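Asker: Structure incoming, see below.
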Amino acid sequence: MSDRYQTLTNSPVGKAVSGRIGLPVPPILERHEPGKPVVSAPVMLLGTREGRLSEPTQEVLRSIGAHVETDPSAAETDGAKFAAVVFDASGIDDVAKLRSLYEAFHPTIRRIARSGRLLVLAGVPEEAESVEEQIAQRAIEGFTRTAAKEIGNSGSTAQLVRVERGAEGALESTLRFLLSARSAFVDGQVVTVRAEGADKVVPPADWDAPHAGRVALVTGAARGIGASIAETLARDGAEVICVDVPQAGEALTAKANEIGGTAMQLDITSEKAAERIVEHVRSHGGQLDVLVHNAGITRDKTIGRMSEEQWDSVIAVNLQSQVAITEALLEANLIGQNSRVITVSSTSGIAGNRGQANYATTKAGVIGLVDALAPEMAKRGATINAVAPGFIETAMTAAMPVGTREGGRRISSLTQGGQPVDVAETIGWFASPASSAVNGNVVRVCGQNMIGA
């Protein structure tokens, strides 16, 4: 559904009126297009002298062909705009050194271009060698989340990337995603790149087609976010098995044909569903590289008014099916070395939402699935992560009452709803063969919605 308020306020007349009476103007976000460079303007790279992440970051920036600046005073004098300002904060080991955040971003934050990026790279507090270092490293999170709220009105975003010791060489897929327009609606997030899995990074031969030769299975692929996930993975080279209920058969077949994939009509809550998926994967090469648990339903009522059927059906589709299918594929050894499992959670599963006790329970449950399986997946050389969408422009949000819909759209740092492709691009990053060190994360795709922090 189109955002008429955004369209109106970004018109010449609308801008003049909204500026005069102080209305917010939701920025037009820049999104990825095939062939587009990761960054199209210089990148400012800063950091403390003791940092361990500047050098590997410099290597990634060279790999993407970025022009790198390292002198913040240049930003004060020449008026240059930067596609991104990246700061290596891994050397901050006491509270006094937090001042380096101010010194780095005070002269540069207003030089970040529209739809630009602010990235802070830091250590993992639990690996700190002193109490004060742990405090300082934890404090960085508050700075980054605040910076995101201060630059959101220009369509720019800020993230914190925590890097375990030993994972310095596994940054590329994460930096490419967060610096690019693929991460347009990911804002104010904390991502951890882990040492376990860092030695299994497989850089794709073509970063524009990172999933070439890989097989992906997407549930709920007939329409909405699921269709966008299937399209995006196929665009980036994957052979996609599209799964959805028989009632959506026509749309499912059309989507599969459109992207050159295959269609599988299946009720994922049926007793034989996991077994049928195992058989299907075996008959299509015997290895599943990417499993995306996207299928989900809502049956909203307050707890006191919710029927047993409304509770049970949501639990069955949104959570029990994911557990059963994942377990079956693991037992059949069809999820193995360099495979990726991604589940679709929700900000409702993080913050709760009135009238969605069943839905929020399941969406918190899939985060539990990630927590529980991440160590096991690491042993297999695989990963599991979750995306938690906030307000995304779909048929479901289009059916909301106007007041609720407008509130949902505006209560974020980017003052708008996201697009299904924003969720899909995030899943594409998790699914990359180069993301072997990105495991056990939950990333909200919500434009830093003020609910569900």
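Asker: Consider only pairs whose beta carbons are under 8 Å apart and that are at least six residues apart or on different chains; among these, list those whose first residue lies in segment 129-148 and is farther than 14 Å from residue 97 by Cα and whose second residue is part of a helix (DSSP H, G or I).
Answerer: From segment 129-148, the pairs are 147/105; 147/109.
Asker: Restricting attention to segment 274-305, which residues are within 15 Å of residue 332 (Cβ to Cβ), among the polar types (S, T, N, Q) and not in a helix (DSSP H, G or I)?
Answerer: So in segment 274-305, the residues within 15 Å of residue 332 (Cβ to Cβ) come out as 274-289, 291.
Add one more test, that the residue is among the polar types (S, T, N, Q), and what stays is 283, 287.
Listed by number, the list holds a single entry, 287.
Asker: So residue 165 ticks every box in (1) touching a Pro at 6+ places or on another chain (Cβ under 9 Å); (2) open to solvent by 20 Å² or more (accessible area, probe 1.4 Å); (3) part of a loop (DSSP other than H, G, I, E, B) but one. Which box is left unticked?
Answerer: Going through (1) touching a Pro at 6+ places or on another chain (Cβ under 9 Å); (2) open to solvent by 20 Å² or more (accessible area, probe 1.4 Å); (3) part of a loop (DSSP other than H, G, I, E, B) one by one, residue 165 breaks only (1).
Asker: Mind telling me which of the residues 296, 304 ends up being under 25 Å from residue 357 (Cβ atoms) and free of Cβ contacts under 8 Å to residues at least 12 places away in the same chain?
Answerer: Numbers: 296 fails: free of Cβ contacts under 8 Å to residues at least 12 places away in the same chain.
Of the residues listed, the single one that is under 25 Å from residue 357 (Cβ atoms) and free of Cβ contacts under 8 Å to residues at least 12 places away in the same chain is 304.
Asker: Then there's this: Residues that are open to solvent by 30 Å² or more (accessible area, probe 1.4 Å) and without any contact (Cβ under 8 Å) to a residue 24 or more places away in the chain: find the helices (runs of 4 or more DSSP H) completely inside segment 337-425 holding 1 or more of those.
Answerer: Values: elements: 348-351, 357-379, 395-398, 402-410.
Answer list for segment 337-425: 357-379, 402-410.
Asker: Can you pull out the residues in segment 73-111 that are touching an Asp or Glu at 6+ places or on another chain (Cβ under 9 Å), within 28 Å of residue 447 (Cβ to Cβ) and assigned to a helix (DSSP H, G or I)?
Answerer: Result: 75, 109, 111.
Asker: Let me ask you something else. Would you call residue 269 part of a loop (DSSP other than H, G, I, E, B) and touching a strand residue (DSSP E or B) at 6+ places or on another chain (Cβ under 8 Å)? Quick ask: steps written out before the conclusion?
Answerer: Numbers: part of a loop (DSSP other than H, G, I, E, B): yes; touching a strand residue (DSSP E or B) at 6+ places or on another chain (Cβ under 8 Å): no.
No, not satisfied.
Asker: May I pose another question? Looking at (1) free of Cβ contacts under 8 Å to residues at least 60 places away in the same chain; (2) farther than 26 Å from residue 206 by Cα, find the lone condition where residue 42 falls short.
Answerer: With respect to (1) free of Cβ contacts under 8 Å to residues at least 60 places away in the same chain; (2) farther than 26 Å from residue 206 by Cα, residue 42 is out only on (2).
Asker: For the subset of segment 101-121 comprising residues that are among the hydrophobic types (A, V, I, L, M, F, W, C) and in contact (Cβ under 8 Å) with a residue 60 or more places away in the chain, which member is surrounded by the fewest Cβ atoms within 10 Å (Cβ to Cβ)? Walk me through how you get there before you give the answer.
Answerer: Keep residues of segment 101-121 that are among the hydrophobic types (A, V, I, L, M, F, W, C), which gives 101, 104-105, 109, 112-113, 118-121.
Next, only the ones that are in contact (Cβ under 8 Å) with a residue 60 or more places away in the chain stay: 113, 119, 121.
On the way: 113: 19, 119: 23, 121: 28.
By that ranking, first place goes to 113.
Asker: Only one of these is of a type in the set (Gly, Ala, Ser) and either closer than 14 Å to residue 47 by Cα or in contact with a strand residue (DSSP E or B) (Cβ under 9 Å, 6 or more places away or on another chain) (or both): 96, 139, 122. Name it. Before you say what the answer is, go through the steps one by one.
Answerer: Details: 96 fails: either closer than 14 Å to residue 47 by Cα or in contact with a strand residue (DSSP E or B) (Cβ under 9 Å, 6 or more places away or on another chain) (or both); 139 fails: either closer than 14 Å to residue 47 by Cα or in contact with a strand residue (DSSP E or B) (Cβ under 9 Å, 6 or more places away or on another chain) (or both).
None of the others qualify; the one that does is 122.
Here is a yes/no grid of residues against (1) of a type in the set (A, V, I, L, M, F, W, C); (2) under 20 Å from the mean Cα position of the chain (by Cα):
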{"site": "381", "(1), (2)": "no, no"}
{"site": "384", "(1), (2)": "yes, yes"}
{"site": "389", "(1), (2)": "no, yes"}
{"site": "396", "(1), (2)": "yes, no"}
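Asker: Let me ask another. Return the residues of segment 24-40 that are within 19 Å of residue 114 (Cα to Cα) and open to solvent by 30 Å² or more (accessible area, probe 1.4 Å); say none if nothing qualifies. Step through it out loud before you land on a result.
Answerer: Pass one, segment 24-40, residues within 19 Å of residue 114 (Cα to Cα): 24-33, 36-40.
Across segment 24-40, the qualifying residues are 24, 25, 28, 30, 31, 32, 33, 36, 37, 38, 40.
Asker: Right, next: Can you pull out every residue in segment 232-274 that is acidic (Asp, Glu), modelled with pLDDT of 95 or more and out of contact with any helix residue (DSSP H, G or I) (no Cβ under 7 Å at 6 or more places or on another chain)? It would help to see each step written out before you state the result.
Answerer: If we filter segment 232-274 for residues that are acidic (Asp, Glu), which is where we start, we get 236, 239, 244, 250, 258, 267, 271.
Narrowing the set further to residues that are modelled with pLDDT of 95 or more leaves 236, 239, 244, 250, 258, 267.
Across segment 232-274, the qualifying residues are 239, 250, 258.
Asker: Could I ask something else about it? Of a type outside the set (A, V, I, L, M), within 26 Å of residue 411 (Cα to Cα) and surrounded by 18 or more Cβ atoms within 10 Å (Cβ to Cβ) - does that describe any residue in segment 125-138?
Answerer: no
Asker: Keeping to segment 239-261, report how many residues are assigned to a strand (DSSP E or B), closer than 28 Å to residue 203 by Cβ and open to solvent by 10 Å² or more (accessible area, probe 1.4 Å).
Answerer: Within segment 239-261, residues that are assigned to a strand (DSSP E or B), closer than 28 Å to residue 203 by Cβ and open to solvent by 10 Å² or more (accessible area, probe 1.4 Å) number 1.
Asker: Checking residue 191 against (1) under 17 Å from residue 434 (Cβ atoms); (2) of a type outside the set (Phe, Trp, Tyr); (3) over 13 Å from the mean Cα position of the chain (by Cα); (4) open to solvent by less than 40 Å² (accessible area, probe 1.4 Å), only one condition comes out false. Which one?
Answerer: Residue 191 satisfies all of (1) under 17 Å from residue 434 (Cβ atoms); (2) of a type outside the set (Phe, Trp, Tyr); (3) over 13 Å from the mean Cα position of the chain (by Cα); (4) open to solvent by less than 40 Å² (accessible area, probe 1.4 Å) except (3).
Asker: Scan segment 288-328 for residues that are polar (S, T, N, Q), open to solvent by less than 60 Å² (accessible area, probe 1.4 Å) and out of contact with any His (no Cβ under 6 Å at 6 or more places or on another chain) and jot them down.
Answerer: Just the residues of segment 288-328 that are polar (S, T, N, Q), to begin with: 294, 298, 302, 307, 310, 313, 318, 320-322, 326.
Going one step further and asking which of them are open to solvent by less than 60 Å² (accessible area, probe 1.4 Å), we end up with 294, 298, 302, 307, 310, 313, 318, 321-322, 326.
Within segment 288-328, 294, 298, 302, 307, 310, 313, 318, 321, 326 qualify.
Asker: If you don't mind, another one. Just give me the residues in segment 3-32 being in contact (Cβ under 8 Å) with a residue 40 or more places away in the chain and under 22 Å from residue 394 (Cβ atoms), in sequence order. Can you show your working first?
Answerer: So in segment 3-32, the residues in contact (Cβ under 8 Å) with a residue 40 or more places away in the chain come out as 3, 5-6, 24-32.
Passing the criteria: 3, 5, 6, 26, 27, 28, 29, 30, 31, 32.
Asker: Oh, and also: Would you mind telling me which numbered condition in (1) assigned to a helix (DSSP H, G or I); (2) over 23 Å from residue 167 (Cβ atoms); (3) of a type in the set (D, E, K, R); (4) in contact with a helix residue (DSSP H, G or I) (Cβ under 6 Å, 6 or more places away or on another chain) residue 114 fails?
Answerer: With respect to (1) assigned to a helix (DSSP H, G or I); (2) over 23 Å from residue 167 (Cβ atoms); (3) of a type in the set (D, E, K, R); (4) in contact with a helix residue (DSSP H, G or I) (Cβ under 6 Å, 6 or more places away or on another chain), residue 114 is out only on (1).
Asker: Filtering segment 43-62 down to residues that are part of a loop (DSSP other than H, G, I, E, B), at pLDDT 95 or above and open to solvent by less than 40 Å² (accessible area, probe 1.4 Å), which residue is nearest to residue 175 (Cα to Cα)?
Answerer: Residues of segment 43-62 that are part of a loop (DSSP other than H, G, I, E, B), as a first pass: 48-53.
Checking which are at pLDDT 95 or above leaves us with 51-53.
Those still in the list that are open to solvent by less than 40 Å² (accessible area, probe 1.4 Å) too: 51, 53.
Details: 51: 17, 53: 12 Å.
Among them, the one singled out is 53.
Asker: Further question: Mind telling me which of the residues 206, 236 ends up being of a type in the set (D, E, K, R), under 22 Å from the mean Cα position of the chain (by Cα) and crowded, with 21+ Cβ neighbours inside 10 Å? Please lay out each step first, then the result.
Answerer: Working: 206 fails: crowded, with 21+ Cβ neighbours inside 10 Å.
That would be 236, the only listed residue that is of a type in the set (D, E, K, R), under 22 Å from the mean Cα position of the chain (by Cα) and crowded, with 21+ Cβ neighbours inside 10 Å.
Asker: Now a separate question. Only one of these is touching a Leu at 6+ places or on another chain (Cβ under 9 Å), of a type outside the set (S, T, N, Q) and within 28 Å of residue 392 (Cβ to Cβ): 68, 43, 60, 39. Name it.
Answerer: Numbers: 68 fails: within 28 Å of residue 392 (Cβ to Cβ); 43 fails: within 28 Å of residue 392 (Cβ to Cβ); 60 fails: within 28 Å of residue 392 (Cβ to Cβ).
That would be 39, the only listed residue that is touching a Leu at 6+ places or on another chain (Cβ under 9 Å), of a type outside the set (S, T, N, Q) and within 28 Å of residue 392 (Cβ to Cβ).
The values are calculated or read from the model by the stated rules, or taken from the named source; none is laboratory data. All values derive from a computational prediction rather than experimental measurement. We place every Cβ from the backbone using ideal geometry, glycine too, and count neighbours over all the protein chains shown. Note: areas computed on protein heavy atoms with side chains; ligands, DNA, RNA excluded. Shrake-Rupley method; radii C 1.70, N 1.55, O 1.52, S 1.80 Å.
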